[in-house]
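The values are calculated or read from the model by the stated rules, or taken from the named source; none is laboratory data. Since we're looking at a predicted model, the values are computed, not measured. Counting neighbours? That spans all protein chains shown, and the Cβs are built from the backbone with ideal geometry, glycine included. Each accessible area value is taken on the protein alone, full model and side chains, heavy atoms only, with ligands, DNA and RNA left out. Shrake-Rupley method; radii C 1.70, N 1.55, O 1.52, S 1.80 Å.
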Amino acid sequence: MRVLTLHFMVALLMTAAVEPCVNAHADSPTDKAQQIEQLLARMTLEEKAGQLTQLSVQRHPTGPVVENGGEDVIRNPGVGSLIGAYGVQDTRRLQRVAVEESRLHIPLLFTFDVIHGFRTIFPVPLAEAAAWDPDLAQRTARAAAIEASASGVHWTYAPMVDIARDPRWGRVVEGAGEDPFLASALAVARVRGFHGEGPPDVSTLLSTAKHFVGYGAAEGGRDYNTSDLSERTLLETYLPPFRAAVQAGVDAVMPGFNELDGVPMHANGPLLKDKLREQWGFHGIVVSDFTGVRELMQHGIAATPTEAVKLAFGATVDIDMVSGLYAQELPAMVRNGQLPQRALDAAVRRVLEAKQRLGLFDDPYRYSDAAREKASLLTPRTRALAREAAEKSMVLLKNEEALLPLHKGLHKILVVGALADDRLSTLGSWPGDGRPEESISVLQGIKGAVSPATQVVYVPGASPEDADLSGIDQAQQAAADADVVIAVLGERADMSGEARSRSSLGLPGAQDALLAQLVETGKPLVVILMNGRPLAISVMAEQVPAILESWFLGSEMGNAVADVLFGDVNPSGKLPITFPRSVGQIPIYYAHKNTGRPPKQAERYTSKYLDSAWTPLYPFGHGLSYTSFAYDPPRLSATRLTAEDTLKVEVTVHNTGPREGEEIVQLYLRDNVASVTRPVRALRGFTRVKLMPGEACTLNFLLDKNDFAFLDHYFLRRVEPGTFSVFVGGSSATDNQASFEVTNLARVEGLGSAIPRTLRTIANKTDE
Ligand code: BGC
């Protein structure tokens, strides 16, 4: 959210006559509809435009300050929603202005970016995606909703469900990574988590799927840049998580800042109106992204504010977040016939209905309850959940000669890197109301975990911020008598996120130089990565024996990292996004096409690079454990079947190592020959399984025509006869496979379900 200075018309600021309340209790659906219609009938055009206007609130030491006309505009003509106000005291005060001092007493909606926690901060969404655990994502979203709603917040701008295949784009950190299947499962989980039991439960948070659509495909990874996607890529890759969120009942959708096919998303009628609302049946609110309505002028498709509003409103963008143009333009546009009154009413109705659903007409203060706020924020339970989520989100990228886990009783541990002691960075991008002083740094976590006899020495050495090399010698010297060196390296939290694109993906600042010196010491070296995007760390991957990807893990980061470092917890996360060897490989993702000349080292005219391997540094789905897992070949219930049949894929996984551990079992499918080219493999199922040493477990995955189908030349969903390969293993690079044949052609009618089914049933755990 940024500060913006806009000019609201002074004419709107005249004090209005206050009318008696119409907020009679409405119980039956008819009563409820009537309540809204009666209210609509009494509203002036200015009041209607006000309900479609969202103002931002800046937090000042003296209290919240409403921008762009301030509280006067809430009084008259009224404002529908405020972004950035939270806390019982502040929200009560602002709500009072709306319901006591505006003519029709319509309550405000308070909105906020509750992205990965409110006061208790959970791992950033990309990290949490590495847990491959929809149940966990639902629980953290629920916990965030309980906290935020207790603090007066009604509506969050999450989940962010943008597919991101370019790690230069800073907003990679906010989503679930590169894959639509995993992203859809997590989108559904988060929507359900924010929703909870639903109204009238007072911990229901309205959710928003954003940024519709293709925002993550910004050219060059440069934020806000143009996206250019084929219709197929849009339909197969970028839209599915939105559709899954809609099917899960998401309350709102936010268009992206990007354009697609020459049409900025805030004016994209074909996608917002035809696809989202008409085809998918979405009845909720479309809320602009910040000044997205005004930006239509910068895009060059509107010459005037009136034209911008006409385009955005025509595309059914209901709420104008902070640009102020709806308030300024809509009343006159209706008066002079440029906009039908019923279109305005339809948008206002959607906003009023949301307020009604949350029970705000009955009690506008029901989300602002001091006792609930006090009892709900940062409790031992939410901390425990933050620790669990953080533990499951870490990915062990490399662990040569079982350097990890470390002994707690080592004589001396040297911790290096400014990030080790950076509590603010543990919170990641969009930290909500999270506070660094309530968060555990990696250094604190390590100190708290070791035996009293262990000496933990900390030398910052170098920072991601600047090229100052002066601290490196000290780090090197301190390593001399250390048993092990733990280097915490990567990005500061504000180096990924909105408007945080990077053209390089190496370690910023002087960290490379620090690492080189540490490698030289010859000491056992562990790197803990803190970052919000894949980094290109080929040299590190060659030289450092143990690398733990810890992203930004939230309030309990340090404790969780220590749990994994010292073996109290066995790491189990898997990458939700490919790690490239270099920026030059981007875009690189596992579900690519085969091409007519798939890469072969020995053949010159094949698809590869002169100066680099074509494979990624770490593939999608990769992640190690302190134990090891082995897979039997997949067993299929049939090798020939019709498109109407369900195929059962059975696989046995063994824990072949020395420790208890959790494995994320992944199933990928390939349609070997089809009338349009298909990806070399696409994720169609996954599950977590916990196994004791020597234990095995047989899992069943079910596949059917929804999995076999694809969009043909005419964009109709069809299953075509032919062979398929199914791969099951611990990463997208697995070669554990079996084949089957589908014998007939079939149309898959309708839109099908975008919600990934729960494909798995766990059967038959055996000791071996
Ligand atoms: C971001 C959105 C966010 C909004 C409100 C925008 O700049 O793109 O994701 O929800 O601000 O804070």
0 to 90° range, to nearest 10: angle between helix 325-335 axis and the chain longest Cα axis
40
Can you tell me the dipole magnitude for the chain around its Cα centre, using point charges on the Cβ only (Lys, Arg +1; Asp, Glu -1), in Debye to the nearest 20?
960
Principal-axis tilt of helix 341-357 within the chain, Cα atoms, nearest 10 degrees
60
Treat each spin label as a single point 7 Å out from the Cα along the C-beta direction, and report the Asp421 to Thr743 distance in nm.
7.1
Scan around Leu206 for amide H atoms under 5 Å from its own, H built in the peptide plane at 1.01 Å from N, and keep only partners 5 or more places away or cross-chain.
Trp155, Thr156
Using unit Cβ charges (K, R positive; D, E negative) and no other charged atoms, how large, in debye to the nearest 20, is the dipole of region 29-103 about its Cα centre?
140
Name the long-range amide H neighbours of Val748: under 5 Å, sequence gap of 5 or more, or other chain; modelled H, no Pro or chain starts.
Arg717, Arg718, Val719
Report the one residue of Leu94, Thr426, Ala354 whose Cα lies farthest in the direction of the positive end of the charge dipole of the chain (charges on C-beta: Lys and Arg +1, Asp and Glu -1; origin at the Cα centre).
Ala354
Give the average over all directions of the projected area of the C-alpha convex hull of region 353-405, one decimal, in nm².
6.6
Could you go through region 698-714 in sequence order and give the Karplus-derived ³J(HN,Hα) for each residue, using 6.51 cos²θ - 1.76 cosθ + 1.60 with θ = phi - 60°, rounded to whole Hz, and x for Gly and Pro?
9, 10, 10, 10, 10, 10, 9, 4, 5, 8, 7, 6, 8, 8, 7, 3, 9
Once phi is turned into θ = phi - 60°, what whole-Hz ³J(HN,Hα) does the Karplus curve with 6.51, -1.76 and 1.60 give for every residue of region 422-434, x standing for Gly and Pro?
9, 6, 4, 5, 4, 7, x, 5, 6, x, x, 9, x
Taking N as the number of residues in the chain, what is its Cα Rg relative to 2.2 N^0.38 Å?
0.98
What residue among Ser753, Pro464, Gly596 has its Cα farthest toward the positive end of the dipole of the chain, where the charges are +1 on Lys, Arg and -1 on Asp, Glu, each on the Cβ?
Ser753
In the neighbourhood of Pro452 defined by beta carbon distances under 15 Å, the net charge of the other residues (Lys, Arg +1; Asp, Glu -1) is +3
Could you give the length gained by full extension between Glu400 and Ser612, i.e. 0.36 nm per residue of separation minus their alpha carbon distance, to one decimal place?
74.0 nm
With label points built 7 Å along Cα→Cβ from the Cα atoms of Tyr631 and Lys412, find their separation and express it in nm.
4.6
Summed over the other residues with a beta carbon less than 14 angstrom from that of Gln477, with K and R at +1 and D and E at -1, the charge totals -1
Work out from phi, with θ = phi - 60° and the Karplus expression 6.51 cos²θ - 1.76 cosθ + 1.60, the ³J(HN,Hα) of each residue of region 620-627, listed in order in whole Hz, and give x for Gly and Pro.
3, x, 6, x, 9, 9, 7, 10
With Rh as the Kirkwood radius over Cα pairs, region 543-588 has Rg/Rh of 1.06
Could you look at the chain and say what percent of its accessible area is carbon and sulfur, using a 1.4 Å probe and all protein chains?
51
Would you please name the chymotrypsin sites (Phe, Trp or Tyr not before Pro) within region 305-406 that are DSSP coil residues with at most 16 other C-beta atoms within 10 Å of their C-beta?
Tyr365
Exposed-loop cut sites defined as trypsin sites (Lys or Arg not before Pro) in DSSP loop states with at most 13 other Cβ within 10 angstrom; longest site-free run of the chain spans 3-592
If you line up the long axis of helix 180-195 against the longest principal axis of the chain, both from Cα atoms, how many degrees apart are they, to the nearest 10?
50
Determine the calculated [θ] at 222 nm for the chain from helices alone, applying -39500 (n - 2.57) to every DSSP H run no shorter than 4 residues and normalising by the residue count; nearest 500 deg cm²/dmol.
-7500 deg cm²/dmol
Placing unit charges on C-beta atoms (Lys and Arg positive, Asp and Glu negative, everything else neutral), compute the dipole magnitude of region 440-528 about its Cα centre in debye, rounded to 20.
240
So for the pair Leu711, Asp72, with labels modelled 7 Å out along Cα→Cβ, what separation do we get in nm?
5.0
Cross-link reach from Lys392 to lysines, straight Cα distance under 20 Å and at least 8 residues apart if same chain, gives Lys574, Lys690
Alpha carbon centroid spacing (whole Å) that separates region 674-716 from region 33-94
47
Quick query: amide H of Asp369 versus all other amide H atoms, modeled in the peptide plane; which residues come in under 5 Å with a sequence gap of 5 or more or a different chain?
Gly152
Which net charge results when you count Lys and Arg as +1 and Asp and Glu as -1 among the other residues whose beta-carbon is under 14 Å from that of Gln35?
0
Run down the lysines and flag those whose C-alpha is under 26 Å from the C-alpha of Lys310, throwing out any fewer than 8 positions away in its chain.
Lys48, Lys210, Lys273, Lys275, Lys355
Per region 630-676, sqrt(5λ) over the Cα gyration tensor eigenvalues, sorted largest first, in Å, gives 30, 13, 9
